[in-house]
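> Here it is, the structure in full.
The values are calculated or read from the model by the stated rules, or taken from the named source; none is laboratory data. The shown structure was predicted, so the numbers you read here are calculated from the model rather than taken from an experiment. Backbone-built Cβ (ideal geometry, glycine too); neighbour counts: all protein chains shown. Note: areas computed on protein heavy atoms with side chains; ligands, DNA, RNA excluded. Shrake-Rupley method; radii C 1.70, N 1.55, O 1.52, S 1.80 Å.
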Amino acid sequence: MSGRILTFNIFRFDPQDAGDKPKMVKYQLEETSGMTVFIALNKLRQEQDPSLQFDFVCRAGICGSCAMVINGFPTLACRTLTAKYPKGEITLMPLPGFELIGDLSVNTGKFMRELAERLKLWLHPKGDDLNIHRLEDPMDPQEAARLYELERCVECGVCVSACATKQMRDTFVGAVGMMKIARFELDSRDGRSADDFYHVIGNQDGVFGCMTLLGCQDNCPKDLPHMQQIAYLRRKMASTLL
């Protein structure tokens, strides 16, 4: 028994080609059992258009590479079943807020690297002991569990694209930046104070710029507690002003 015919409307544009212009191109493909948008894109590239550009690595929702806007919602292509769309019509767009590489491929890596450098997203150990042979201090299991929850971010960029503040203000750090700051603020091994973190995110580009529209919370493919951590940082940053 053959499957239904899916219709894909896909954004196409190669910024490296001076003569190319943004356009929507229609493709049709027979649906198979358990098909995801990612599988469909691979079949389209293999069977119909080898020039189609999109990203993938793990195919299991772990790397975050295949994030794109599917029928108006930013999400991961590898975790989105085509059966979710009863009309069989699927529109694919690249994530907004990132540099476009081509078609559905965007440079999230460049954004994440610049964000890490701007917010200094690495552990700042307490004290000046630089002895690399010293045994690491033990960590309370409950603290380790809290940190692990925030470390589950796969840097897919979905929360950035779903954020209205980020789309209006390019300098806004977004939920991913604040999630990572919260991870180090909660880490007992980090030597930075609340005042130190305030000077990084205690402004309109940080926690006080969030409009609480829940775009990050509603669309995060890993169901991370974005709003909980933003609220936590707001309280923490506000306390430094008292």
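> Kindly establish whether Ala162 is under 12 Å from the mean Cα position of the chain (by Cα), hydrophobic (A, V, I, L, M, F, W, C) and open to solvent by less than 10 Å² (accessible area, probe 1.4 Å).
Values: under 12 Å from the mean Cα position of the chain (by Cα): yes; hydrophobic (A, V, I, L, M, F, W, C): yes; open to solvent by less than 10 Å² (accessible area, probe 1.4 Å): no.
Considered against the rule, which asks whether it is under 12 Å from the mean Cα position of the chain (by Cα), hydrophobic (A, V, I, L, M, F, W, C) and open to solvent by less than 10 Å² (accessible area, probe 1.4 Å), Ala162 comes out as no.
> Next question, about the same structure. Would you say Leu44 is assigned to a helix (DSSP H, G or I), modelled with pLDDT of 95 or more and open to solvent by less than 10 Å² (accessible area, probe 1.4 Å)?
Details: assigned to a helix (DSSP H, G or I): yes; modelled with pLDDT of 95 or more: yes; open to solvent by less than 10 Å² (accessible area, probe 1.4 Å): yes.
Yes: the conditions hold for Leu44.
> Test of understanding: among Phe184, Phe172, which residue is closer than 20 Å to Arg234 by Cα, outside the structural domain of Ala77 (by the TED database) and in contact with a strand residue (DSSP E or B) (Cβ under 9 Å, 6 or more places away or on another chain)? Reasoning before the result, please.
On the way: Phe172 fails: in contact with a strand residue (DSSP E or B) (Cβ under 9 Å, 6 or more places away or on another chain).
Just a single option satisfies the conditions, and that option is Phe184.
Residues are listed down the side, and each one gets a yes or a no for (1) basic (Lys, Arg); (2) more than 15 Å from Gly174 (Cα to Cα):
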position: Thr108; (1), (2): no, no
position: Glu117; (1), (2): no, no
position: Leu121; (1), (2): no, no
position: Asp129; (1), (2): no, yes
position: Met139; (1), (2): no, yes
position: Ala145; (1), (2): no, yes
position: Arg152; (1), (2): yes, yes
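> The conditions are (1) touching a Phe, Trp or Tyr at 6+ places or on another chain (Cβ under 7 Å); (2) modelled with pLDDT of 95 or more; (3) open to solvent by 30 Å² or more (accessible area, probe 1.4 Å), and Leu81 fails exactly one of them. Which is it?
For Leu81, the exception is condition (1).
> So, in the stretch 88-113, of the ones that are more than 13 Å from Glu155 (Cα to Cα) and charged (D, E, K, R), which residue ends up most open to solvent (accessible area, probe 1.4 Å)?
Per the stated criteria, the residue is Glu89.
> Considering only residues that are of a type in the set (A, V, I, L, M) and either under 17 Å from Pro50 (Cβ atoms) or outside the structural domain of Asp49 (by the TED database) (or both), which ones fall in the stretch 7-32? Please lay out each step first, then the result.
Step one: filter the stretch 7-32 for residues of a type in the set (A, V, I, L, M), giving 10, 18, 24-25, 29.
Within the stretch 7-32, Ile10, Val25, Leu29 meet the criteria.
> Separate question: Filter the stretch 188-228 down to the residues that are assigned to a helix (DSSP H, G or I), open to solvent by less than 60 Å² (accessible area, probe 1.4 Å) and under 17 Å from Thr165 (Cα atoms) and list them by number. Show your work before the answer.
Residues of the stretch 188-228 that are assigned to a helix (DSSP H, G or I), as a first pass: 194-201, 207-209, 215-219, 226-228.
Then drop every residue that is not open to solvent by less than 60 Å² (accessible area, probe 1.4 Å), which leaves 194, 197-198, 200-201, 207, 209, 215-216, 219, 226-227.
Matches in the stretch 188-228: Ile201, Val207, Gly209, Gly215, Cys216, Asn219, His226, Met227.
> Name the residues in the stretch 86-103 that are farther than 24 Å from Phe172 by Cβ and in contact (Cβ under 8 Å) with a residue 24 or more places away in the chain, would you?
Going residue by residue through the stretch 86-103, those that are farther than 24 Å from Phe172 by Cβ are 86-92, 102-103.
Gly88, Glu89, Ile90, Thr91, Leu92, Gly102, Asp103, listed by residue number.
> Among the listed residues Glu155, Glu149, Glu143, Glu136, identify the single one that is of a type in the set (Asp, Glu), buried (at least 19 other Cβ atoms within 10 Å of the Cβ) and either over 19 Å from Met237 (Cα atoms) or outside the structural domain of Glu117 (by the TED database) (or both). Outline the logic, then answer.
Numbers: Glu149 fails: buried (at least 19 other Cβ atoms within 10 Å of the Cβ); Glu143 fails: buried (at least 19 other Cβ atoms within 10 Å of the Cβ); Glu136 fails: buried (at least 19 other Cβ atoms within 10 Å of the Cβ).
Glu155 is the lone residue from the list that is of a type in the set (Asp, Glu), buried (at least 19 other Cβ atoms within 10 Å of the Cβ) and either over 19 Å from Met237 (Cα atoms) or outside the structural domain of Glu117 (by the TED database) (or both).
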